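Notes follow once the structure below has been shown.
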Ligand SMILES: Cc1cc2nc3c(=O)[nH]c(=O)nc-3n(C[C@H](O)[C@H](O)[C@H](O)COP(=O)(O)OP(=O)(O)OC[C@H]3O[C@@H](n4cnc5c(N)ncnc54)[C@H](O)[C@@H]3O)c2cc1C
């Protein structure tokens, strides 16, 4: 067994860390959180540095990286500006990965090189007011008439739907619960498409939207996978789930790591010399618990990711990882708030932002309870 990253991955980690230090100083991250605007300028810089093509196959202009490479990048970005990895996830995971995995040859040739260069952005729309945890319950419909599909319905909480060029839209094309769902690549400039941003506590700037489809016209060629992709939306989404859970695990690890590092610095500056040995030791123990739990979550995430890259069945491990990383990061950030005491909730410190951001990770991409339901099934329960 070798738990080290190989040279290429170590270099990638170093490169993304340098990018973060140079392009996203703390003050800039705070400013972006305050402005609550989509981080277009940073997405552009990530593209220029080649990070948006990390998981695109080489034949389409990408780096051909796997989910471990992607996690390394997301963890480092989340350590400074979690919303940026959330925004990037939409493009990289739902643009690059879903098209790499499910697109027709023409779709791959059309979208992947542009995604690699950062010329287009994608969002991904499944959730509706009555369908999220129960995703197969969608009621947005795509009806075929006069050579086109006409989409009618609404979606909720869709990240980046107001800034993306295309939204991969899950719509009902048949009665069958799982076998009657199709994914469409919807051009957001289409007549009848509108997205309204929803204000929220954390992940400021991720452009979470309510989306309305009012008779949106889509050619059959825009079915994901081409016309043979009709009614295959559910199967296509299933192929993405392990990666989604892993990438979100790494986002949680990044926030947890940031909270741990800030809390360590705060303790060294404020308690080391001012408190008695016993008092300081009690703070030390809390920090040690934060570090240990975070490390356990990290090991589980990268172990699950290794299984995924080896094509070994890992639904149990990716679901365990998604919920454990999110819940651990929440716990770590809460401890961070406690250690900073009255400064924890103060806006001039970043800990309050970590708390606002981390809360979303146990909801998006399948809630903690849903991940536990999946693990329970794998245990035969
Ligand atoms: C910031 C943000 C960004 C998002 N971005 C996107 C996006 O880009 N695209 C997209 O399609 N969706 C997106 N979502 C939606 C997200 O994936 C769903 O909100 C999430 O999966 C929860 O589903 P729900 O909305 O149906 O909530 P509900 O399922 O109604 O959740 C309410 C509570 O009920 C619990 N619950 C529900 N069913 C069960 C069950 N069977 N067993 C036990 N407990 C249960 C949940 O765990 C939760 O605690 C986003 C959400 C947020 C908050």
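Where a number appears in this text, it was derived from the coordinates with a stated rule and is not lab data. Predicted model only: the values in this text are computed from it and were never measured. Note that we place each Cβ from the backbone using ideal geometry, even for glycine, and neighbour counts take in every protein chain shown.
Find the relative contact order for segment 235-378 and round it to a whole percent, using C-alpha pairs within less than 8 Å whose residues are 6+ positions apart.
Across segment 235-378, relative contact order equals 34 percent.
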Extend 7 Å from the Cα of residue 31 along its Cα-to-C-beta direction; within segment 337-370, residues with backbone N under 12 Å of that point are none
Percent of all alpha-carbon pairs of the chain at distances over 33 Å, whole number, is 30 percent
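For segment 329-381, what value does the Rg/Rh ratio take when both radii are computed over Cα atoms and Rh is the Kirkwood radius, given to two decimals?
Working: Rg = 15.1 Å, Rh = 12.6 Å.
Result for segment 329-381 is an Rg/Rh of 1.20.
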Relative contact order as a percentage, segment 119-207, C-alpha pairs under 8 Å and 6+ apart, gives 29 percent
Note on segment 276-315: alpha-carbon gyration tensor, axes a ≥ b ≥ c; rule is a/c under 1.5 for rounded, else prolate if a/b larger than b/c, else oblate; result prolate
Check: C-alpha center segment 270-312 vs C-alpha center segment 360-381, spacing in Å is 23 Å
Per its Cα gyration tensor (rounded if a/c is under 1.5, else prolate when a/b beats b/c, else oblate), segment 72-155 is best filed as oblate
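Using just the helices of the chain, give the 222 nm mean residue ellipticity in deg cm²/dmol: DSSP H runs with n ≥ 4 each add -39,500 (n - 2.57), and the total is spread over all residues, rounded to 500.
After summing the helix terms and dividing by residue count, I get -16500 deg cm²/dmol.
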Dividing the mean separation of Cα pairs under 8 Å (6+ apart) by the residue count of the chain yields a relative contact order in percent of 16 percent
If the chain between residue 228 and residue 269 were fully extended at 0.36 nm per residue, the gain over the current Cα-Cα distance would be 8.6 nm
The equivalent-ellipsoid semi-axes of segment 161-265, taken as the square roots of five times the Cα gyration tensor eigenvalues and listed largest first in whole Å, are 33, 20, 11
Percent antiparallel among DSSP beta bridges confined to the chain, rounded to 5, stands at 85 percent
In degrees rounded to 10, the 0-90 angle between helix 233-270 Cα long axis and the longest Cα principal axis of the chain is 20 degrees
Proxy exposure order for 149, 3 (fewest C-beta within 10 Å first) is 3, 149
Longest principal axis of the chain (C-alpha) makes with the long axis of helix 26-35 (C-alpha) an angle, in degrees to the nearest 10, of 50 degrees
Listing 209, 314, 251 by rising number of other beta-carbon atoms within 10 angstrom, fewest first, gives 314, 209, 251
Comparing 277, 177, 30 in a Gaussian network model of the chain (Cα, 10 Å), the one with the largest mean-square fluctuation is 277
One would report the antiparallel percent of DSSP beta bridges in segment 16-172, rounded to the nearest 5, as 55 percent
For segment 90-212, the Kirkwood Rh over every pair of distinct alpha carbons, in Å, works out to 14.9 Å
Proxy exposure order for 169, 309 (fewest C-beta within 10 Å first) is 309, 169
Under a Gaussian network model of the chain whose springs join Cα atoms within less than 10 Å, the largest fluctuation of 39, 82, 342 belongs to 342
Computed from the beta carbon distance with a Förster radius of 56 Å, FRET efficiency for residue 146 and residue 378 to the nearest 0.05 stands at 0.75
Expressed to two decimals, segment 291-363 has a Cα Rg over Rh, using the Kirkwood radius, of 1.11
In cubic angstrom per residue, the convex hull of segment 7-120 built on its Cα atoms measures 85 Å³
Between the Cα axis of helix 315-340 and the main Cα principal axis of the chain, the angle (0 to 90°, nearest 10) is 40 degrees
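For an R0 of 35 angstrom, estimate the FRET efficiency from the Cβ-Cβ distance between residue 15 and residue 201 and round to the nearest 0.05.
The value I calculate is 0.65.
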Taking only the alpha-carbon atoms of segment 235-378, the convex hull volume per residue, in cubic angstrom, is 107 Å³
The chain, Gaussian network, Cα under 10 Å: of 172, 298, 105, the residue fluctuating most is 105
If each part is reduced to its alpha-carbon centroid, segment 191-218 and segment 330-355 end up apart, in Å, by 31 Å
